[in-house]
Number of protein chains: 2
Amino acid sequence: MDDRIQLWNDLATQIGVDSIRCTTEAGSGHPTSSLSCAHLLSVLYASHLRFDVEDPKSPANDRFVMSKGHAAPALYATLKAIGAISDDELLSLRRFGSPIQGHPAPVPELPWVDVATGSLGQGLAVGLGMALAMRLDGTGGRTFVLLGDSEVAEGSVWEAMEAAAFHEVDDLVAILDMNRLGQRGPTMHGWNGDLFAGRARAYGWHTIEVDGHDVAAVDAAYSEAIAADGPTMIVARTEKGHGVSFVADHEGWHGKAMSPEQAAQAIEELGGIRSLTITPASPPDVKPLTLGELQATPSPTYTEAIPTRKAFGEALAWLAGHRPDLVVLDGEVGNSTHTEDFQAVAPERFVEMYIAEQALIGAQTGLQALGKTAFAATFGAFLTRAYDQVRMGAISRADLRLCGSHAGVSIGEDGPSQMALEDLAMFRALHGSTVLYPADGTATVQLVATMCDLPGISYLRTTREATPVLYGADEDFPIGGSKTLRSGDAATIVAAGVTVRESLAAADALAADGIAVRVIDAYSVKPIDAATLRRALEQTGVIVVVEDHRVEGGLGDAVLEALAETGPLTGRVVKVGVRDMPGSGTPDEMRAWAGIDAASIMARVRGSLA
Amino acid sequence: MDDRIQLWNDLATQIGVDSIRCTTEAGSGHPTSSLSCAHLLSVLYASHLRFDVEDPKSPANDRFVMSKGHAAPALYATLKAIGAISDDELLSLRRFGSPIQGHPAPVPELPWVDVATGSLGQGLAVGLGMALAMRLDGTGGRTFVLLGDSEVAEGSVWEAMEAAAFHEVDDLVAILDMNRLGQRGPTMHGWNGDLFAGRARAYGWHTIEVDGHDVAAVDAAYSEAIAADGPTMIVARTEKGHGVSFVADHEGWHGKAMSPEQAAQAIEELGGIRSLTITPASPPDVKPLTLGELQATPSPTYTEAIPTRKAFGEALAWLAGHRPDLVVLDGEVGNSTHTEDFQAVAPERFVEMYIAEQALIGAQTGLQALGKTAFAATFGAFLTRAYDQVRMGAISRADLRLCGSHAGVSIGEDGPSQMALEDLAMFRALHGSTVLYPADGTATVQLVATMCDLPGISYLRTTREATPVLYGADEDFPIGGSKTLRSGDAATIVAAGVTVRESLAAADALAADGIAVRVIDAYSVKPIDAATLRRALEQTGVIVVVEDHRVEGGLGDAVLEALAETGPLTGRVVKVGVRDMPGSGTPDEMRAWAGIDAASIMARVRGSLA
């Protein structure tokens, strides 16, 4: 035991020293937030985390998530100690081009990090998703999440606490690094570990309180947490800047690197530079569970009008029989988004997250990090609740397949709180995202199938009402494509989703008056079919873009962008979308009010020809 | 007492009956969710809420927030019972043009509603903001918030629980309508009132458990809650659909209106239609506190480079001495956003919300509902965490003055998790929003002063680094304006914030080569100065738009939109912005990497002239 204590302490000291060295070298960063968790990391990696450094993506590995992402130096120092990165790499912290970024990000050169952190309060939900994936695969793996005490003010943490207890995940361990100091000064609750532990117990978690710098006690806490039933929170009382006299528990040292002179003194106080290397325990041999024989059914086809949200659910149910990696999550609206169709055929791969959209996306991020093809759905309006999680998903290089139902004013009577009107703007602005907005059931099914293999953030926007069938079952819907549904050179209407139907009605009425208008279904909003749009502008001189979304940031802006990027501008582009605050009404009334119904579109086209 | 019990029960029955009547008339809506809270509303409005129906905006009034917004019919039925709206108005529920929308919204015709609800989990933070406003004004008013049991899965609720306890607001009462049924079926915890109460106590709240249909018990609970120190949660066990045999506690009745036949039966079971009118107790005479003499100082002026985030803080500190209605909230980063400058001079009007951005915006919404001019600030990246709250703020017709600091890749070493790169897109897409992005300290001060009187959602984007002084202290910055800083007809560069400096350097270098390029500072991103942009396109033929933001949804799209809306398109528009996923680096390295530094801009301008 004495040897182990010596090792844990030496390793913790090394993690602290290396955190100081790399931040001083960088001239910025968070050494004190790293020192508070050094012992917690040391004992974890030396004695509890089962992890193959050579095969970091092995499904047999335990997982660690540094939710307090600003303590990245401590994580990198630990990765050095396990031989994953070199000392030179460590010292490249925060340098341009280095994978050792200011906050952890799973860039290709850093496969030992699974997800990006740095926006606080997100790691626990990710850990929950990992634990759910491990349970599905029967690996018996453990997930450890290190939280800061400032970040537990984020409600997202408590969404994850709630969901973890409800789903009875067994091998999820949250470690609260209670160093009592936030960015500006003391946290709300200081070292009141009883308060944090009491809350965790009120959420159904097992809790352990411990001195976070007493390695034997920390070791015992990990052992107890692993042995305990259900999720466990270890509340570790720590000191920010522990072990260095002039920063330990001092205010004013958040996010500050030491000067070279201060660093030299600190390292001397800590006993100098070390170069220990440890090897984490090997993960057990596991053979991931495989599902029994899947019930493969043919893909849904449609001959009658159906809401695209319903086609989405039917597509998932169909894919359940072909893709054992498919997992679906919902925010307690599965009878609206129609993920219930998937749940009906694959209940063990459906995760009910209740009304907690942040935990919904966090858990999805964790599931995909462990290889699941995960879809998450709720009303498009409520995905705004998780925009930060999706944004961090993009930084995590996560493959997040999202569906937002109840798009636009077309939902009708429920009113604006339930209408997705900013979702296209929100998803379009994310790096590497794909934004899809099908107009009929056939297109929906094809696009959902395609999404299963799309990297990055992909978003499918669905409609509450039934829309008529436009396409045959063998039609392809490539990403970045479009469909020209009416030909004509007088003008072009670009639409997507529910406005395709309205635009076709407008075009047909105009055709009856001898005005031949082209209609393009831009089901792929991002990337958009720039070549077809450019040709339409050059051939027809006028493009009227109609969307059930606010005029800013959505389809209209995507069309303008495509035109600007493909050559000189010419002709006219008229953006038609929602420009005022809606209320309640029937879907038809609301579309007429917004000016996106067939009659309004006709008028806009006529006006643009004048 | 018997008379009071009779009245409360009769009134509750009327609220239930009227909820059924108006939803059946509408053909949609939430009668069963209304029936579960009818007694809670009846006792509250008849005997505890002090409210002048004729003067609903009086600061002396107590306030009620229907956080479970889908129970809007019960709220409208209550408003009918207090004589605020007529029976005909009630029966216009969900009709096009009616203020009686599917979910409550404070449209001008409905001054008895302060904020919009319908996106769940938001009401408690709003109530907290109201309680803070009442404390500032010394009105002694009380705030009551009715929560559903499904919505407490939202972490935002627990952010508000935490903040209310921390700020020791005294007269905030949360009422949990524990009807055990969510949209799809049972909630996670059913009728386990002890669990909810235990959690609330773990957050420092006083709790009371009660049968939510026992009016005497409900009355006693309100009295106890009002008398108690600190915030109180009343956990009320209720039945969804209470009092109607075929829906009471039945699954499958969420969000469903009864048929006319069902409604008739239900109303008969409830004893028929009533038309009671009650008058809530009058609010006490209060004279809102006034602050002592304000320390009016002259506005900050700048002759040296300063970060716009610092100028933001100094502007608030200056305005503190002129605007007693000014209140500032921050998400525990006041030393980064520089709201600490305001806190230093007006600590009693500064609210530290810690790292809980949803509660930050919710509380701000409550403060402005009671007349405060409220600013909220955090990193722009972290405002994504509260996008749903800001969206609901727009529906609430709230005047939310927001500042997001640390814009773009220019923050440098901290990396992408801390970089606001989607914020312009996010705010631009909101109804009636104003989006401002100043390039220097002078512009910042002027725009902050202007924001104090702007209606709706206004967003100021600030920069971490110092930027040079561009403007004299007497320069005006009208909303919708721009500044042409260099003249020339070879091409136009449109920039904002930090890219103005880079664009000026590019233009000056090009000028040295005999290429005269116009440079426009588009500090007002929305509304944007369309006339100046149109003229620039027509006179120079080329516009290069440069922004430290993702290319989608931000300044580039705003420029294209302005050009499309002002006439035929002509010439070229080149959008320059962030197109890949950044890492860490110095600000200069990151701008060069993104192609938004002076050298890259020069190259893009030259390329567009070719």
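Some notes on this structure:
- The slack between B:Glu348 and B:Ala509, meaning 0.36 nm per residue of separation minus the straight C-alpha distance, is 53.0 nm.
- Cβ-placed point charges (K, R +1; D, E -1), dipole of chain B about Cα centre in debye, nearest 20: 1380
- Full extension of the chain between B:Thr277 and B:Leu294 gives 1.6 nm of extra length, using 0.36 nm per residue less the Cα-Cα distance.
- Radius, Kirkwood style, for the range A:1-102 when every pair of distinct Cα atoms is counted (Å): 13.8
- Cα gyration tensor shape for the range A:282-365, rounded if a/c is under 1.5, else prolate or oblate: oblate
- Of all beta bridges that DSSP places with both ends in the protein assembly as shown, some 15 percent have antiparallel geometry.
- Put A:Asp229, A:Asp330 in order of accessible area, highest first, and with a 1.4 Å probe you get A:Asp229, A:Asp330.
- Seen against the Cα atoms of chain B and their longest principal axis, helix B:72-81 is set at about 60 degrees.
- An ellipsoid equivalent to the range B:390-433, defined through the eigenvalues of its Cα gyration tensor, has semi-axes of 26, 9, 7 Å when rounded to whole angstrom and sorted largest first.
- The GluC sites (Glu not before Pro) of the range B:472-565 meeting both criteria, a DSSP state outside H, G, I, E and B (loop) and at most 16 other C-beta atoms within 10 angstrom of the site's C-beta, are B:Glu475.
- Residues of the range B:67-107 buried by at least 40 Å² on assembly (accessible area, 1.4 Å probe, chain alone as reference): B:Arg94, B:Phe96, B:Gln101, B:His103
- Across the options B:Gly252, B:His206, B:Ala407, the greatest Cα extent toward the positive end of the charge dipole of chain B (unit charges at beta carbon of Lys, Arg, Asp, Glu) belongs to B:Ala407.
- A compact globular protein would have a Cα radius of gyration near 2.2 N^0.38 Å; the ratio found for the range B:68-107 is 1.02.
- Rounded accessible area per residue of the protein assembly as shown, 1.4 Å, Å²: 29
- Share of pairwise Cα-Cα distances greater than 39 Å in chain A is 37 percent (whole percent).
- Legend: residue pairs A:Lys575/B:Lys57; A:Lys68/A:Lys256; A:Lys526/B:Lys575, Cα-Cα distance threshold 27 Å; pairs beyond threshold, A:Lys575/B:Lys57.
- Solvent-accessible area of A:Asp399 with every protein chain in place, 1.4 Å probe, in Å² to the nearest 10: 50
- Relative compactness, the range B:37-164, computed as alpha-carbon Rg over 2.2 N^0.38 Å: 1.03
- Reciprocal mean inverse distance between Cα atoms of the protein assembly as shown - Kirkwood radius, Å: 30.8
- Considering only alpha-carbon pairs that sit under 8 angstrom and 6 or more positions apart, the relative contact order computed for chain A is 12 percent.
- Kirkwood radius, the range B:464-610, all distinct C-alpha pairs, inverse of mean reciprocal distance: 15.3 Å.
- Kirkwood radius and radius of gyration were both taken over the C-alpha atoms of the range B:134-202, and their ratio Rg/Rh is 1.03.
- Spatial offset of the range B:537-610 relative to the range A:221-269 amounts to 44 Å, using the alpha carbon center of each.
- Annotation: Cα Rg of the range B:321-405 relative to the compact-globule expectation 2.2 N^0.38 Å equals 0.99.
- Occluded residues from the range B:412-442, i.e. those whose accessible area drops by 40 Å² or more once the chain is not alone (1.4 Å probe): B:Glu413, B:Asp414, B:Pro416, B:Ser417, B:Glu422, B:Arg428, B:Ala429, B:His431
- Dipole axis of the range A:277-372 (+1 Lys, Arg; -1 Asp, Glu on Cβ), positive-most option in A:Gln358, A:Asn335, A:Ala305: A:Gln358
- Whole-percent carbon and sulfur share, accessible surface of the protein assembly as shown, 1.4 Å: 49
- Cβ-Cβ distance of A:Ala216 and A:Asp285, R₀ of 25 Å, FRET efficiency by 1/(1 + (r/R0)^6): the value works out to about 0.25.
- Pairs of alpha carbons in the range B:528-602 whose separation is greater than 19 Å (percent): 39
- Cα-based helix-to-principal-axis angle, A:260-269 vs chain A, degrees rounded to 10: 50
- Percentage relative contact order, the range B:265-392, counting C-alpha pairs under 8 Å, at least six apart: 21
- Taking only Cα atoms of the range A:168-323, radius of gyration then Dmax in Å: 25.1, 77
- Cα Rg, Dmax, the range A:394-473, angstrom units: 13.5, 38
- Calculation over all alpha carbon pairs of the range A:62-131 in 5 angstrom steps from 0 returns a P(r) of 3, 19, 29, 26, 15, 7, 2 percent.
- Note on chain B: antiparallel DSSP beta bridges, both residues inside, total approximately 10 percent of the bridges counted.
- Check: the protein assembly as shown dipole with +1 on Lys, Arg Cβ and -1 on Asp, Glu Cβ, in debye: 2560
- Electrostatic bookkeeping for A:Ala220 treats Lys and Arg as +1 and Asp and Glu as -1; over the other residues with beta carbon under 14 Å from its beta carbon, the sum is -4.
- Measuring max minus min along each principal axis, the C-alpha atoms of the range B:422-539 give extents of 45, 31, 29 Å (largest first).
- Between helix A:357-369 and chain A there is an angle of about 70 degrees, using the helix long axis and the longest principal axis of the Cα atoms.
- Starting from the label point of A:Lys57 at 7 Å along Cα→Cβ, the same points in the other copies fall at 6.0 nm, in ascending order.
- For the range B:571-610, the residues whose backbone nitrogen is under 16 Å from a point 7 Å from the Cα of B:Glu538, taken along Cα to Cβ, are B:571-572.
- The range B:51-103: trypsin sites (Lys or Arg not before Pro) in DSSP coil with no more than 14 other Cβ atoms inside 10 Å: B:Lys57
- Placing unit charges on the Cβ atoms of the charged side chains and taking the dipole of chain B about its Cα centre, the candidate lying farthest along the positive direction among B:Leu172, B:Thr434, B:Tyr387 is B:Thr434.
- Student exercise, the range B:79-121 dipole from Lys, Arg, Asp, Glu Cβ charges, in Debye to nearest 20: 140
- 16 Å Cα-Cα reach of A:Lys240 towards aspartates and glutamates, excluding residues that sit fewer than 8 places from it in its own chain: A:Asp18, A:Asp149, A:Glu151, A:Asp177, A:Asp211, A:Asp214, A:Asp249, A:Glu251, A:Glu269
The values are calculated or read from the model by the stated rules, or taken from the named source; none is laboratory data. None of the values given here were measured: they were computed from a predicted structure. As a convention, Cβ positions derive from the backbone with ideal geometry for all residues, glycine included, and neighbour counts pool all protein chains shown. Calculation scope for accessible area: heavy atoms of the full protein, side chains included, ligands and nucleic acids excluded. Shrake-Rupley method; radii C 1.70, N 1.55, O 1.52, S 1.80 Å.
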